[in-house]
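The structure under discussion appears below in the form of structure tokens.
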Ligand SMILES: [Zn+2]
């Protein structure tokens, strides 16, 4: 089964804590733009326009990156503590509405070449500000759909990745069975053979 993914959780997982020791994936504005393109959160044509503007207005691009990291920090708190702490949810709503409130645009439904459909937001105002819209909308969906109870942090204490538990029984513990899950399995195995000895 392919794990269900969520844009806002993938975004949280770009931070230095989740990437350790690789560092922050969003090291500059261009990295943020490339990440958004890869996620399908911005199409190539719009990305080209944003890239041109970033060259002309480097200060605005840098400010957008700072703001993106601020949103990311708020979303990490929501992912990790939102289910149990009402105050955290309230703060996240303020942050989401701050981002949603500053970008005018139109919404569209697009067919995806690989199959299926996706909703798109086309900013008509500040293109930089529009970059964060799909991300905060994804977080907003998690609140609307009451999905936070299924959002977890990886059970490996060294791993800071968050994920959506899409299993039927809701008992998924690791971000990835291939990495953290396997490490835990190997550790259990080692512990068992040591007691046997
Ligand atoms: Zn993990």
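The values are calculated or read from the model by the stated rules, or taken from the named source; none is laboratory data. Just so we're clear, the structure is a prediction, and the values are computed from it rather than from any experiment. Counting neighbours? That spans all protein chains shown, and the Cβs are built from the backbone with ideal geometry, glycine included.
Go through segment 132-143 and give me each residue that's touching a strand residue (DSSP E or B) at 6+ places or on another chain (Cβ under 8 Å) and within 18 Å of residue 13 (Cβ to Cβ). If you could, list the steps in order and put the result at the bottom.
So in segment 132-143, the residues touching a strand residue (DSSP E or B) at 6+ places or on another chain (Cβ under 8 Å) come out as 133-134, 137, 142.
Answer for segment 132-143, where residues must be touching a strand residue (DSSP E or B) at 6+ places or on another chain (Cβ under 8 Å) and within 18 Å of residue 13 (Cβ to Cβ): 134, 137, 142.
Checked against (1) more than 30 Å from residue 169 (Cα to Cα); (2) surrounded by fewer than 20 Cβ atoms within 10 Å (Cβ to Cβ); (3) in contact with a helix residue (DSSP H, G or I) (Cβ under 6 Å, 6 or more places away or on another chain), residue 65 passes all but a single condition, namely (2).
Each residue in segment 43-74 was checked for being in contact with a strand residue (DSSP E or B) (Cβ under 9 Å, 6 or more places away or on another chain) and either under 30 Å from residue 150 (Cβ atoms) or in a loop (DSSP other than H, G, I, E, B) (or both), and 1 pass.
Looking only at segment 42-62, count how many residues are within 20 Å of residue 119 (Cβ to Cβ) and surrounded by 13 or more Cβ atoms within 10 Å (Cβ to Cβ). Residues meeting the conditions: 5. Scan segment 1-42 for residues that are farther than 25 Å from residue 107 by Cβ, in a loop (DSSP other than H, G, I, E, B) and in contact (Cβ under 8 Å) with a residue 60 or more places away in the chain and jot them down. Passing the criteria: 1, 3, 13, 15, 20.
Can you pull out every residue in segment 177-197 that is within 16 Å of the ligand (Cβ to nearest atom) and either farther than 14 Å from residue 154 by Cβ or free of Cβ contacts under 8 Å to residues at least 24 places away in the same chain (or both)? Full working, then the answer.
Residues of segment 177-197 within 16 Å of the ligand (Cβ to nearest atom): 177-188.
Correct list: 177, 178, 179, 181, 182, 185, 186, 187, 188.
This table checks each residue for (1) more than 15 Å from residue 134 (Cα to Cα); (2) at pLDDT below 95.
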residue: 22; (1), (2): yes, yes
residue: 32; (1), (2): no, no
residue: 40; (1), (2): no, yes
residue: 51; (1), (2): yes, no
residue: 55; (1), (2): yes, no
residue: 65; (1), (2): yes, no
